[in-house]
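Accompanying notes for the structure given below.
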Amino acid sequence: MASSFNLVIGSAKFIFAPIERCLNCKRNFDENMKILQKLLKELNTVKEVIELRLSAEIHGGTMQTEEVKNWLDDVQRIKTEIEVIEHKTKEKKFLSRAFLGKTVEEKVFELKAFLRKGKAFLGMVKSFKYIIVGGGVAAGYAAREFDRQGLKPGQLAIISKESVAPYERPTLSKGYLNPNPKAAARLPEFHVCVGSGGDRLLPDWYKEKGIQLILGTEIVKVNLALKTLVSAAGEIFKFQTLIIATGSTVIRLTDFKVEGADAKNIFYLRELEDADKLVESIKMKKHGKAVIIGGGYIGLEVAAAMRINDFDVTMVYPDPWCMPRLFTPTIAAFYESYYENKGIKIIKGTVSVGFNANANGEVKGVKLKDGRVLEADIVVVGVGARPLTALFKGQLEEDRGGIKTDGFFKTSMPGVYAVGDVASFPIKLYNETRRVEHVDHARKSAEHAVKAIKANETGKELEEYDYLPYFYSRIFELSWQFYGDNVGESLFFRDNNPLSPKPKFGSYWIKDGKVVGAFLEGGTPEENKAIAKVSRLNPPVENLDQLKKEGLSFASKF
């Protein structure tokens with residue numbers, strides 16, 4: 001009797017065991033399917049990043065390409081298998097879930113293994129809430145503003161191709177070239193934010209604030225849709241919010257295949273490394289001959305610095321006068337005469353078409369289009385710059401050669417902002433879009449973008465960027481400032497005698513009967529504030545003769 005009972009029980013277990021297993025599989029099915037979907041989403045993200053990294057040709061040797069390609073094929077296979085499982089599940093709910101339960105469980109284990117392998121291929125993917133790409137002036141001022149607005153350690157990273165923390169770039173063409181070693185500007189003296197009267201942000205400051213300075217790192221691939229950056233070394237950076245602060249790069253004569261433009265001692269001035277090389281050459285070629293190609297900011301400032309270093313200096317530029325984008329012929333005439341009185345020779349209306357070099361490959365002559373050849377031990381080229389926007393082509397809307405933004409520096413891609421040289425932004429004062437290449441705008445646009453980011457996160461209101469264009473320079477004993485717009489009719493005032501011990505003169509620009517811009521050489525801080533104010537207020541002008549007579553006192557009335 002007992003043996004018969006045990007036989008029945010054993011038979012029942014044998015019959016119902018598979019059913020019990022199916023029921024257990026069914027109970028686990030829903031939970032495992034949720035896990036499966038989560039893992040599949042994560043796997044897709046890893047797959048996209050790996051594909052992005054492989055697509056950057058520069059990384060050809062950084063990954064085991066064949067193994068990675070096999071992994072990608074396997075990922076596609078398992079995705080197809082999961083699609084089949086999902087399709088079968090819909091056909092017969094109970095039975096499908098019961099009999100597919102074990103299969104789903106196995107796929108969960110398989111997906112986990114694939115993820116581990118994929119992450120191993122990638123190495124460590126570094127993720128940050130905020131990333132600033134570019135390590136110039138704008139990056140430093142943005143970092144300070146993030147700190148002011150409230151920033152948690154580990155949230156922000158600055159990725160810079162340069163190997164030093166953000167610094168005040170204008171110093172490179174001014175104090176950095178001072179021939180007196182004791183007076184010459186050197187880091188850490190001019191780290192941001194000393195240019196606007198703030199404290200220096202030394203590398204330790206970033207460390208104390210939990211801001212990662214990722215230096216000596218060039219970003220070569222960007223996928224804004226995936227919020228991913230790829231470095232030349234193959235590192236992957238993920239962001240939630242990106243600030244593009246890549247600035248500009250100099251235009252090089254080698255870009256135009258100018259004969260001999262790759263000779264030694266032909267310099268461009270944009271980064272600290274450029275300035276270091278120029279300083280070293282100045283020491284090696286003492287009292288030599290320097291040719292400065294270009295009559296803009298860099299040309300004028302470096303020509304002055306080279307003359308102070310006791311070089312025989314010649315400036316060459318194609319325009320009829322220096323700084324043509326800003327100066328009027330009358331203003332330019334003063335500076336050209338002043339330079340000539342300092343011993344600087346100026347050749348206008350021609351360009352360099354080639355260079356001669358000696359047996360060591362060092363430049364020894366500059367060939368001009370008009371046939372002349374100028375002796376040269378050092379050549380400094382300052383013929384302009386172009387914004388660094390190539391990484392974002394086709395991903396962001398562009399305008400006027402830059403990345404189009406609104407009045408908060410938001411681009412056409414959510415979560416992506418552009419500041420400084422690369423931003424084409426609306427100037428409220430003139431109701432038009434412009435791109436401004438100047439340190440003042442780099443500082444202010446960076447700060448405003450950060451305020452906009454934090455305002456967006458907290459739901460606070462923020463006024464749009466309301467910028468008054470501002471430019472300045474310091475050369476020899478001179479110092480000028482310009483505010484506003486140089487359009488319309490210009491009106492010169494005061495004495496522009498280049499032999500005056502302390503020259504002081506200026507110009508107003510009048511459009512539609514209103515002052516829209518003002519320039520002043522030799523102004524005091526109060527006088528410079530006055531021309532800034534009048535340029536923003538745009539007061540009406542009833543009599544040009546009276547304005548010329550009043551001169552600087554007109555601005556001081558407001």
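Here are some notes:
- Summing Cβ point charges (Lys, Arg +1; Asp, Glu -1) relative to the Cα centre of the chain gives a dipole of roughly 1460 debye.
- When you filter the trypsin sites (Lys or Arg not before Pro) in segment 222-264 for DSSP loop state and at most 10 other Cβ atoms inside 10 Å of their Cβ, you are left with Lys257.
- q = 0.13, 0.18, 0.30 Å⁻¹, segment 476-522: log10 I(q)/I(0) [Debye, one scatterer per Cα]: -0.31, -0.55, -1.04
- Euclidean distance of C-alpha centroids, segment 465-489 and segment 255-303, integer Å: 25 Å
- Enclosing the Cα atoms of segment 258-381 in their convex hull gives a volume equal to 100 cubic angstrom per residue.
- Rolling a 1.4 Å probe over the heavy atoms of the protein chains gives the chain an accessible area of 49 Å² per residue.
- Listed by chain and number, the aspartates and glutamates placed with their C-alpha closer than 20 angstrom to that of Lys514 are Glu432, Asp466, Asp485, Glu489, Glu527, Glu542, Asp545, Glu550; residues fewer than eight positions away on the same chain are left out.
- Close amide H pairs (under 5 Å, H built 1.01 Å from N) link Asp485 with Gly517, Ala518, residues at least 5 positions away or on another chain.
- When DSSP beta bridges are restricted to pairs lying wholly in segment 258-381, around 30% turn out antiparallel.
- Among the protein heavy atoms of the chain, carbon and sulfur supply 51% of the accessible surface, probe 1.4 Å, non-protein parts ignored.
- Partners for Lys161 among aspartates and glutamates (Cα-Cα distance below 17 Å; same-chain residues under 8 apart left out): Glu218, Glu235, Glu271, Glu273, Asp274, Asp276, Asp421
- 3J(HN,Hα) from dihedral phi, segment 547-558, Karplus parametrisation 6.51/-1.76/1.60, rounded to Hz, x for glycine, proline: 5, 5, 5, 6, x, 5, 5, 4, 5, 5, 6, 9
- Shown here for segment 523-558: trypsin sites (Lys or Arg not before Pro) in loop regions (DSSP other than H, G, I, E, B) with at most 14 other Cβ atoms within 10 Å, namely Lys557.
- Remark: segment 262-273, residue by residue, has Karplus-estimated 3J(HN,Hα) of 9, 5, 5, 6, 9, 10, 10, 10, 9, 10, 4, 4 Hz, where x stands for each Gly or Pro and the curve is 6.51 cos²θ - 1.76 cosθ + 1.60 at θ = phi - 60°.
- With a threshold of 20 Å on the Cα-Cα distance, the over-threshold entries among Lys342/Lys364; Lys264/Lys364; Lys502/Lys557; Lys257/Lys369; Lys444/Lys529 are Lys342/Lys364; Lys502/Lys557.
- With Rh defined as the Kirkwood radius, the inverse of the mean 1/r over Cα pairs, the Rg/Rh of the chain is 1.16.
- Theoretical FRET efficiency, 1/(1+(r/R0)^6), r = Cβ-Cβ of Glu66 and Asn358, R0 60 Å, to 0.05: 0.75
- Spherically averaged projected area in nm², based on the convex hull that wraps the Cα atoms of segment 494-558: 4.2 nm²
- With both residues required to sit in the chain, DSSP beta bridges show an antiparallel share near 60%.
- Considering only Gly513, Tyr417, Gly551, and ranking their Cα positions along the charge dipole of the chain that arises from unit charges at the beta-carbon of Lys, Arg, Asp and Glu, the one farthest toward the positive end is Tyr417.
- Surface listing: Lys277, Lys174 arranged by accessible area from highest to lowest gives Lys277, Lys174, probe 1.4 Å.
- Residue pairs, from the table Lys38/Lys107; Lys277/Lys367; Lys34/Lys107; Lys41/Lys238, whose Cα atoms sit over 18 Å apart: Lys277/Lys367
- Separation of the alpha carbons by more than 31 angstrom is noted, of Lys404/Lys511; Lys393/Lys511; Lys227/Lys460, for Lys393/Lys511.
- Backbone amide hydrogens, once placed in the peptide plane, bring Ile403 within less than 5 Å of Ala423, Ser424, excluding anything fewer than 5 places away on its chain.
The values are calculated or read from the model by the stated rules, or taken from the named source; none is laboratory data. If you're wondering where the values come from, they're calculated on a predicted model, not measured in any experiment. Every residue, glycine among them, receives a Cβ derived from its backbone with ideal geometry; neighbour counts consider all protein chains shown. Surface areas here come from the heavy atoms of the whole protein model, side chains and all, with no ligands, DNA or RNA. Shrake-Rupley method; radii C 1.70, N 1.55, O 1.52, S 1.80 Å.
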